[in-house]
Amino acid sequence: MVSFYQSNSLGKKPALRRLQQVQEEIYRQLHLLIPDQFAFHDVLMSRVSGSPDLRMEILERHNYTTFFRLTYEFRDGEERSYAPDAHIRFYHDAHIAEATSFNVGQGCVRTAHPSFPIRQIMLQAWRRNRALDRWLDYLLKQGHSVATMQAASEQKIN
């Protein structure tokens, strides 16, 4: 008998260890983007040929964590738009980074709530972090790096 039933990963429990491995990879990739100036400036920009401007905006700084936004910045005259919109918590001591939100179309969307089932929260965290992992890989392949990421105040606007 031929079956057209296709199983998907939604029925499986998300593995916390796999999620942590993705978050460790995100941390490693971000180290290839984040320059030393990260600690001294609130907005950093990276410009490479054939790619929109990459904007990193520091939202919060704490002793062991930094919370920031990573996005492409599109300019149309005086108007600016941003997409995708990744909000990232960077844990300096634990050597991991996680996407707290990653929404290509609508910006920052919080997905955790005490009434949500833990399985749903884990699945959403997995999807957000895998999307960020893939995007960071793409950014690095485009040429964005520590060398191209500079304080926005030092960049010339074209």
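The values are calculated or read from the model by the stated rules, or taken from the named source; none is laboratory data. Computed from a prediction, not measured in an experiment: that's the story for all the values here. Neighbour counts are summed over all protein chains in view; Cβ atoms, including those assigned to glycine, are modelled from backbone coordinates with ideal geometry.
For the structure I just gave you, tell me whether Arg110 is among the basic types (Lys, Arg), at pLDDT below 95 and part of a loop (DSSP other than H, G, I, E, B).
yes
With respect to Ala152, determine if the residue is aliphatic (A, V, I, L, M), over 19 Å from Gln37 (Cα atoms) and modelled with pLDDT under 95.
Criteria not met by Ala152.
Select, from Ile26, Ile34, Ile88, Ile96, the only residue that is under 24 Å from Gln142 (Cα atoms), buried (at least 18 other Cβ atoms within 10 Å of the Cβ) and at pLDDT below 95.
Unique residue meeting the criteria: Ile34.
Residue check: is Arg80 buried (at least 17 other Cβ atoms within 10 Å of the Cβ), charged (D, E, K, R) and in a strand (DSSP E or B)? If you could, list the steps in order and put the result at the bottom.
On the way: buried (at least 17 other Cβ atoms within 10 Å of the Cβ): no; charged (D, E, K, R): yes; in a strand (DSSP E or B): yes.
No, not satisfied.
Which count do you get for residues in the stretch 37-57 that are part of a helix (DSSP H, G or I) and either within 15 Å of the chain's Cα centre (by Cα) or buried (at least 16 other Cβ atoms within 10 Å of the Cβ) (or both)?
Counting residues in the stretch 37-57 that are part of a helix (DSSP H, G or I) and either within 15 Å of the chain's Cα centre (by Cα) or buried (at least 16 other Cβ atoms within 10 Å of the Cβ) (or both) gives 1.
State whether one or more residues within the stretch 19-36 are out of contact with any Gly (no Cβ under 9 Å at 6 or more places or on another chain), free of Cβ contacts under 8 Å to residues at least 40 places away in the same chain and closer than 16 Å to Ala125 by Cβ.
Checked the stretch 19-36: at least one residue is out of contact with any Gly (no Cβ under 9 Å at 6 or more places or on another chain), free of Cβ contacts under 8 Å to residues at least 40 places away in the same chain and closer than 16 Å to Ala125 by Cβ.
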